[in-house]
């Protein structure tokens with residue numbers, strides 16, 4: 001009887017711990033939302049005028065396509081293979097897309113400040129400005145998705161004790177299902193709210209890189225939207 005009691009106490013005591021490896025649950029997310037976002041970023045880039053693209057028209061689609069194929073072939077289906085090579089390919093892919101978005105933003109801001117053929121037409125300006133704004137949202141969503149918690153493959157194998165970004169389900173675990181991990185849609189929503197609310201909404205940045213990145217995205221959105229609206233009003237009048 002005493003031995004049975006000891007076993008019950010041992011399993012209910014707060015300091016009783018099992019092997020961490022026994023508790024590891026691999027929860028890989030589907031690859032297609034990320035791949036769809038990459039394709040969307042490429043399509044948005046191709047919709048831009050030539051003067052807003054970084055390089056020849058087909059340069060970014062070719063590079064992004066090759067890198068995306070490499071990442072998908074290296075880890076098809078669910079994202080759960082932890083590989084330094086695949087992570088470097090994924091980081092390079094996201095970095096190229098972010099660079100393309102920032103290049104388009106800088107060129108557009110230059111045209112808005114100094115004036116150009118593009119800014120003479122209010123309808124064309126609003127159309128191009130909207131594309132650049134969307135491109136920044138998609139690119140920053142991929143950036144948040146890639147950097148948070150060491151990337152999707154790392155998040156699939158463990159729930160970070162100290163996350164870089166605190167989602168509502170992490171702040172209130174009772175609202176989330178067991179073994180919940182953020183998916184790409186969560187980072188897309190984060191990028192959208194950062195670009196529209198210009199501040200954190202339901203997801204809090206906890207480390208320097210996430211705070212700087214969210215602040216930078218908000219600043220880009222303020223500049224782009226403010227200058228576009230001002231220039232478009234001037235063109236209409």
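The values are calculated or read from the model by the stated rules, or taken from the named source; none is laboratory data. Just so you know, these numbers come straight off a predicted model, no measurement behind them. Cβ coordinates were reconstructed from backbone atoms using ideal geometry, including for glycine residues, and neighbour counts include every protein chain displayed.
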* Check whether at least one residue in region 174-182 is crowded, with 21+ Cβ neighbours inside 10 Å and assigned to a loop (DSSP other than H, G, I, E, B), and report yes or no. => yes
* Asked: How do the pairs read when you match residues in region 179-200 that are free of Cβ contacts under 8 Å to residues at least 60 places away in the same chain with residues anywhere that are part of a loop (DSSP other than H, G, I, E, B), using Cβ under 7 Å and keeping only pairs 6 or more apart or on different chains?
  -> 182/167; 186/167; 190/203; 193/201
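Results for (1) part of a helix (DSSP H, G or I); (2) in contact with a strand residue (DSSP E or B) (Cβ under 8 Å, 6 or more places away or on another chain); (3) closer than 19 Å to residue 226 by Cα; (4) at pLDDT below 95, shown as yes or no for each residue.
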position	(1), (2), (3), (4)
87	yes, no, no, yes
94	yes, no, no, no
105	yes, no, yes, yes
108	yes, no, yes, yes
119	yes, no, yes, yes
133	yes, no, yes, yes
140	yes, no, no, no
* Asked: Looking at region 31-65, which of the residues that are touching a residue at least 12 places away in the same chain (Cβ under 8 Å) and outside any helix (DSSP H, G or I) is nearest to the chain's Cα centre (by Cα)?
  -> 31
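Take region 82-110 and flag every residue that is within 22 Å of residue 222 (Cβ to Cβ) and crowded, with 20+ Cβ neighbours inside 10 Å.
Step one: of region 82-110, the residues within 22 Å of residue 222 (Cβ to Cβ) are 97-110.
Once the filter is applied, which keeps residues that are within 22 Å of residue 222 (Cβ to Cβ) and crowded, with 20+ Cβ neighbours inside 10 Å, region 82-110 yields 97, 98, 100, 101, 104, 105, 108.
Output the number of residues of region 28-54 satisfying the condition of being farther than 20 Å from residue 134 by Cα and surrounded by fewer than 18 Cβ atoms within 10 Å (Cβ to Cβ). Can you show your working first?
Initially, region 28-54 is screened for residues farther than 20 Å from residue 134 by Cα, giving 28-31.
If we keep only those that are surrounded by fewer than 18 Cβ atoms within 10 Å (Cβ to Cβ) as well, we get 28, 30.
Of the residues in region 28-54, 2 are farther than 20 Å from residue 134 by Cα and surrounded by fewer than 18 Cβ atoms within 10 Å (Cβ to Cβ).
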* To do: Within region 155-173, track down each residue that is part of a helix (DSSP H, G or I) and either surrounded by 15 or more Cβ atoms within 10 Å (Cβ to Cβ) or touching a strand residue (DSSP E or B) at 6+ places or on another chain (Cβ under 6 Å) (or both).
  => 155, 156, 157, 169, 170
